[in-house]
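*Asks:* Can you read through this structure? Questions will come right after.
Every number here is computed from the coordinates shown, using simple stated rules; none is lab data. All values reported here derive from a predicted model rather than from experimental measurement. Positions of Cβ are backbone-derived with ideal geometry, glycine not excepted, and every protein chain shown enters the neighbour counts.
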Amino acid sequence: MTRYSPATSFNPTILIVEDEKTIRDLVSQFLRGEGYQVVAVSDGNQAIEVINNLDENTQIDLIVLDLMLPGLNGIDICQFLRRQGNDVPILMLSAKGREADRVLGLEMGADDYLVKPFGLPELRARCRALLRRTQVAIPESDLEETVEFGDIIIYPQQYRVTIKGEEISLSRKEFALLSLFIQNPRRVFSRDLLIDRVWGADFMGDTKTVDVHIRWLRSKIEADPSHPVYLLTVRGFGYRFG
């Protein structure tokens with residue numbers, strides 16, 4: 001699994017994928033003025049080309065991604081990156097502000113969703129929040145070599161999870177959620193608490209992102225995700241493990 005490595009440089013690199021030149025130039029100029037390095041492209045094919053041709057000393061730390069693009073659209077790019085196991089944070093931009101559209105974006109792999117038109121200060125705040133959260137996504141492991149629950153074994157220092165001896169591929173957020181749950185069996189976590197512990201207290205998105213990630217996690221750890229035995233819903237409260 002290809003894993004996203006959090007930015008450690010002083011000025012992270014942001015990839016902007018936006019076909020409207022006015023917006024692309026405005027956002028690029030603004031973020032450069034905030035101290036970020038910026039790579040800006042006008043369509044999805046160019047974005048994939050940039051990502052696929054990074055050298056070993058270069059990484060993209062955040063993608064600001066328009067939903068409606070010529071060629072590959074924002075959903076296509078999200079799906080491509082997540083299928084590759086790439087956990088780079090994605091802030092999706094769209095003129096579609098309906099709840100169903102926001103949920104779709106989150107389900108396809110976006111980390112946050114910003115509706116056009118938007119203010120540049122809000123864009124700055126959301127970019128900062130996403131970049132900060134990549135630094136603290138995984139709960140502490142109490143320095144244990146492994147954490148076990150039933151057939152599930154987590155190797156915190158190796159960023160690995162096995163079920164019945166077979167390794168499974170988890171995204172950064174999925175790994176963080178599973179680590180938190182498995183170290184707190186039978187404790188009920190509300191959505192707000194999960195956001196605070198995994199996404200960070202400065203998260204500005206929709207709490208439905210928790211439900212989306214829970215569904216993804218169930219699809220990977222449960223024999224029958226529609227009848228989970230590990231990750232259970234506590235109606236009216238949230239979720240618990242075991």
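*Asks:* So how strong a dipole does the chain carry about its Cα centre when Lys and Arg Cβ are +1 and Asp and Glu Cβ are -1, to the nearest 20 debye?
*Replies:* 620
*Asks:* For Asp101 paired with Phe237, estimate the spin-label separation in nm (one decimal), with each label point 7 Å from Cα along the Cα-to-Cβ line.
*Replies:* Calculated label separation equals 3.8 nm.
*Asks:* Where does the chain land at 222 nm, in deg cm²/dmol rounded to the nearest 500, when only DSSP H runs of n ≥ 4 count, each adding -39500 (n - 2.57), divided by all residues?
*Replies:* -10500 deg cm²/dmol
*Asks:* Moving to a separate point now. Round to the nearest 10 and give me the degree value, 0 to 90, for the angle of helix 21-33's Cα axis relative to the longest principal axis of the chain.
*Replies:* Approximately 70 degrees, to the nearest ten.
*Asks:* Between Asn45 and Arg160, what FRET efficiency comes out of the Förster formula 1/(1 + (r/R0)^6) with R0 = 30 Å and r the beta carbon distance, rounded to 0.05? Provide the component values of the computation, followed by the final result.
*Replies:* Working: r = 34 Å, r/R0 = 1.12.
FRET efficiency, Arg160 to Asn45: 0.35.
*Asks:* Run through the DSSP bridge list for the chain and note the antiparallel percent, rounded to the nearest 5. Walk me through the intermediate numbers first.
*Replies:* Numbers: 15 of 32 bridges.
Just about 45 percent of them are antiparallel.
*Asks:* Cross-link candidates for Lys208: which lysines have Cα within less than 16 Å, leaving aside residues fewer than 8 places away along the same chain?
*Replies:* Qualifying lysines at Cα under 16 Å: Lys173.
*Asks:* Over the Cα atoms of the chain, compute the convex hull volume and normalise it per residue, giving Å³.
*Replies:* Values: hull volume 31.9 nm³, N = 242.
Considering the Cα atoms of the chain, their hull volume per residue is 132 Å³.
*Asks:* Follow-up question, since we're still on this one. What residues have an amide H closer than 5 Å to that of Met92, excluding those fewer than 5 places away on the same chain, when H is modeled at 1.01 Å from N in the peptide plane?
*Replies:* Leu65, Asp111, Asp112, Tyr113, Leu114
*Asks:* What lysines sit close enough to Lys164 to cross-link, taking a C-alpha to C-alpha distance under 16 Å and skipping anything fewer than 8 places away on the same chain?
*Replies:* Correct list for Lys164: Lys220.
*Asks:* For the chain, set up a Gaussian network in which alpha carbons nearer than 10 Å are linked by springs, and say which option among Leu130, Leu104, Leu180 fluctuates the most.
*Replies:* Leu104
*Asks:* Taking Cα centroids, how far is the stretch 145-169 from the stretch 177-191 in Å?
*Replies:* 15
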